[in-house]
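These notes are about the structure you will find just below.
Laboratory data are not the source of any read-out in this text; all were calculated from the coordinates shown. Everything numeric here is computed off the predicted structure, so don't read it as measured data. For neighbour counting, all protein chains shown are included, and Cβ atoms are generated from backbone atoms with ideal geometry for every residue, glycine included.
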Amino acid sequence: MKELSSPLTFFYKFIFLALWIVGFGAGTHKVLLAGPDDPRWSQYMIVWAALSIFIFFSCGNVKKVTLQGRKLQISNFLRTEEIDVDDIESVDGSTFLSPRLVWFTLKTPCSFGRKITFIPALRKVRGIGKHPLVQELAEELKL
């Protein structure tokens, strides 16, 4: 069994998202409570909403992924599903996001959808480019 996901997956999926939404709101409570009359209010609301949406769509959708033989075990921490690696159409990853994301595109959708996104384990290699796991998986799965 090979754990593909980072041990920090739960943190990014639940805790980081909650800390951002609540923490930013609490940190700027004076401006937010000032109301629309304060010119800073709309700036903070736009920045807070935009970054919250970005963080939600990049980190809130990640799954815990484990490779076991020719099967992928995918979990959203509430339920787990197994997918055969032959159902994978492609493997790709983000280039500039932090944390880096890796995703599988499936030939047929599963209950989690057609695209399974996860945060891979951290590597010592830094810089611009996709996570090395993208290339490793593409070669290992012969995609």
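Amide hydrogen proximity for Gly93: with H placed 1.01 Å from N in the peptide plane, the residues at 5 or more positions away or on another chain lying under 5 Å are Trp103. Sequence-distant contacts, meaning Cα pairs under 8 Å at least 6 residues apart, place the relative contact order of segment 24-143 at 17 percent. Remark: segment 17-109 carries a charge dipole of roughly 280 debye about the Cα centre, counting +1 on each Lys and Arg Cβ and -1 on each Asp and Glu Cβ. 3J(HN,Hα) along segment 73-86: 9, 10, 9, 10, 6, 10, 8, 10, 9, 9, 10, 6, 5, 5 Hz, from the Karplus curve 6.51 cos²θ - 1.76 cosθ + 1.60 with θ = phi - 60°, whole Hz, x for Gly and Pro. The Rg/Rh ratio for segment 79-143, using Cα coordinates for both the radius of gyration and the Kirkwood hydrodynamic radius, is 0.98.
Computed from phi, the 3J(HN,Hα) profile of segment 36-45 under the Karplus parametrisation 6.51, -1.76, 1.60 (θ = phi - 60°) reads x, 5, 7, x, 6, 4, 5, 4, 5, 5 Hz, with x in place of Gly and Pro. Take the Cα of Val22, step 7 Å toward its Cβ, do the same at Lys107, and the gap between the two points is 4.5 nm.
Mean sequence separation of contacting Cα pairs (under 8 Å, at least six apart), scaled by the length of segment 7-59, corresponds to a relative contact order of 41 percent. Taking label points 7 Å from Cα along the Cα-to-Cβ direction, Asp37 and Gln135 give a separation of 6.0 nm. With the Kirkwood sum run over all distinct C-alpha pairs, segment 22-76 has a hydrodynamic radius of 13.8 Å. Here's the list of lysines a cross-link from Lys64 could span, going by alpha-carbon distance under 18 Å and ignoring same-chain residues fewer than 8 apart: Lys2, Lys13, Lys115. Just to verify a number: FRET efficiency for Val47 and Arg114, C-beta to C-beta distance, R0 = 35 Å, to 0.05? Using R0 = 35 Å, I get an efficiency of 0.65.
The Rg/Rh ratio for the chain is 1.08, where Rg is the radius of gyration of the alpha carbons and Rh is the Kirkwood radius. The long axis of helix 16-27 is offset from the longest Cα principal axis of the chain by roughly 10 degrees.
Exposed loop sites, defined as trypsin sites (Lys or Arg not before Pro) outside DSSP H, G, I, E and B with at most 13 other Cβ atoms within 10 Å, are absent from the longest region of the chain, namely 1-69.
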